[in-house]
Amino acid sequence: MGYLHQGHISLVREALKLTNLTVVSIYVNPGQFAPSEDLSTYPSDFHGDISKLMSVPGGVDVVFHPTNLYDYENDMKRNKNDQGVRKNLEGKGAVVSCLEESGMGHETWVRVEKLENGLCGKSRPVFFRGVATVVTKLFNIVEPDVAVFGKKDYQQWRIVQRMVRDLDFSIRIIGAEILRDNDGLAMSSRNVHLSAEERGKALSISRSLLGVKSAAENGHINCRELRDSVIQAVSEAGGRIDYAEIVDQESLQAVEEINSPVVFCIAAWFGKVRLIDNIEINL
């Protein structure tokens, strides 16, 4: 999505270990934003992104930077008076199906039906529809053998894995570990919108997740108690919980006790910034 940070660069370094030609896609996908979400304010610095990529030892071979993967020029010509269509074609509005209000002709969407329902999918019902569709587009255009996704977006990574399996893409999907700043905050393009005070409070997320992992490793496996401890810590720090769930690493179904590999996933608001984080627990 651009506005690259060292977390993204770590994905590039991982790809360089696995391939002899590396492509980086930079595309803020309007299809995964609901009308009420922050597409218009999503940070962007394409020239800065290129500089960061050029500084990576070994470099990258291609930067794929399309202007609009939902660009239906003929539809715009036929609907010159339809401001909603023109707004969408310019990439400033939500990309929607032609069956929806202000639709622009795009009606093919990829859904990963079970995995997209929980976690982020509860509060962002069109998000993973947009993710799966645009990743399918990218894969069909670029035709990679290997693709690297960060585990910070854990649900997204698992959805792409399942989509590739179910649709028989001959692509190996790699999950790269979360990269954190020195204070423990998971790197994110949205972190720039945090005030210094909000950032300090947001550290309650990573600290409480580490506390849960330690507790689980010491025999505390009741998920309700572990969830409650994180919710309390983040809420007391001033965060507003979107969700906090302990789920199976592959099915993403909630579990009551930790008896198999799980991941604790959380989303919380600090000020106007929604942060996501997670930690895998492999007892």
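The values are calculated or read from the model by the stated rules, or taken from the named source; none is laboratory data. These figures come from a predicted structure and were not determined experimentally. Glycine also receives a Cβ, built like all others from the backbone with ideal geometry; neighbour counts cover every protein chain displayed. Heavy atoms of the whole protein, side chains included, go into the accessibility calculation; ligands, DNA and RNA do not. Shrake-Rupley method; radii C 1.70, N 1.55, O 1.52, S 1.80 Å.
Using a probe radius of 1.4 Å on heavy atoms only, what accessible surface per residue do you get for the chain? Whole Å² is fine. Walk me through the numbers before you get to the answer.
Working: 14750 Å² over 283 residues.
Value for the chain: 52 Å² per residue.
Considering only Ser251, Ser235, Val273, whose Cα is most displaced toward the positive end of the charge dipole of the stretch 170-283, charges sitting on Cβ of Lys, Arg (+1) and Asp, Glu (-1)?
After comparing all options, I get Val273.
What spacing in nm lies between the two simple spin-label points modelled at Asn222 and Asp168, each 7 Å away from Cα in the Cβ direction?
Here the modelled spin labels are 4.9 nm apart.
What is the dipole size for the chain, taken about its Cα centre, with +1 at each Lys and Arg Cβ and -1 at each Asp and Glu Cβ, in debye to the nearest 20? Walk me through the numbers on the way to the answer.
Details: 32 positive and 38 negative charges, 79 e Å.
For this selection, approximately 380 debye.
Output the 0 to 90 degree angle, nearest 10, between the alpha-carbon long axis of helix 6-18 and the longest principal axis computed from the alpha carbons of the chain.
Result, in degrees: 80.
Kindly rank 251-260, 170-179, 237-246, 50-59 from highest to lowest mean number of other beta carbons found within 10 Å of each residue.
Working: 251-260: 14.4, 170-179: 16.3, 237-246: 18.6, 50-59: 12.4.
By packing density, highest mean first, the sequence is 237-246, 170-179, 251-260, 50-59.
Quick one: 3J(HN,Hα) in Hz for the stretch 149-162, Karplus 6.51/-1.76/1.60 with θ = phi - 60°, rounded, Gly and Pro as x.
10, x, 6, 4, 8, 5, 4, 4, 4, 5, 5, 5, 4, 5
Report, as a whole number in µm² per second, the diffusion coefficient that Stokes-Einstein gives for the stretch 174-278 at 25 °C and 0.890 mPa s using the Kirkwood radius over alpha carbon pairs. Provide the component values of the computation, followed by the final result.
Values: Rh = 14.1 Å.
Using the Kirkwood radius from Cα pairs, D works out to 174 µm²/s.
Can you tell me the relative contact order of the chain? Whole percent, Cα pairs under 8 Å, sequence separation 6 or more.
Numbers: 446 pairs, mean separation 44.6, N = 283.
That works out to 16 percent.
Where does helix 127-142 land angle-wise versus the long Cα axis of the chain, in degrees 0 to 90, nearest 10?
With rounding to tens, the tilt is 60 degrees.
Using θ = phi - 60° and the Karplus form 6.51 cos²θ - 1.76 cosθ + 1.60, what ³J(HN,Hα) does each residue of the stretch 184-190 get, whole Hz, x for Gly and Pro?
x, 5, 5, 5, 7, 4, 7
Once both axes come from the Cα atoms, what is the angle between helix 223-236 and the longest principal axis of the chain, in degrees from 0 to 90, rounded to 10?
For 223-236 against the chain, the angle is about 80 degrees.
Just to confirm my numbers, what's the Cα centroid distance between the stretch 126-181 and the stretch 11-65 in Å?
Each part reduced to its Cα centre gives a spacing of 14 Å.
Of the beta bridges DSSP finds with both residues in the chain, what % are antiparallel, to the nearest 5? List each step's numbers first, then the result.
Working: 20 of 28 bridges.
Of all bridge pairs located within the chain, approximately 70 percent are antiparallel.
Taking amide H positions as placed in the peptide plane 1.01 Å from N, state which residues far from Thr22 in sequence (5 or more) or on other chains have amide H under 5 Å from it.
The answer is Asp61, Val62.
Just need the relative contact order of the stretch 189-281 here, percent rounded to a whole number, with Cα pairs under 8 Å and 6+ apart. The partial results should precede the final answer.
Details: 146 pairs, mean separation 28.5, N = 93.
Averaging sequence separation for qualifying contacts and normalising by length gives 31 percent for the stretch 189-281.
Could you give the length gained on full extension between Val28 and Arg13, defined as 0.36 nm per residue of separation minus the Cα-Cα distance, in nm? It would help to have the intermediate numbers written out before the result.
Working: separation 15, 0.36 × 15 = 5.40 nm, distance 2.15 nm.
Computed gain between Val28 and Arg13 is 3.2 nm.
Mind checking the alpha-carbon convex hull of the chain and giving the volume per residue in Å³? Kindly include the intermediate steps, with their values, before the conclusion.
Working: hull volume 40.2 nm³, N = 283.
Spread over its residues, the Cα hull of the chain gives 142 Å³ apiece.
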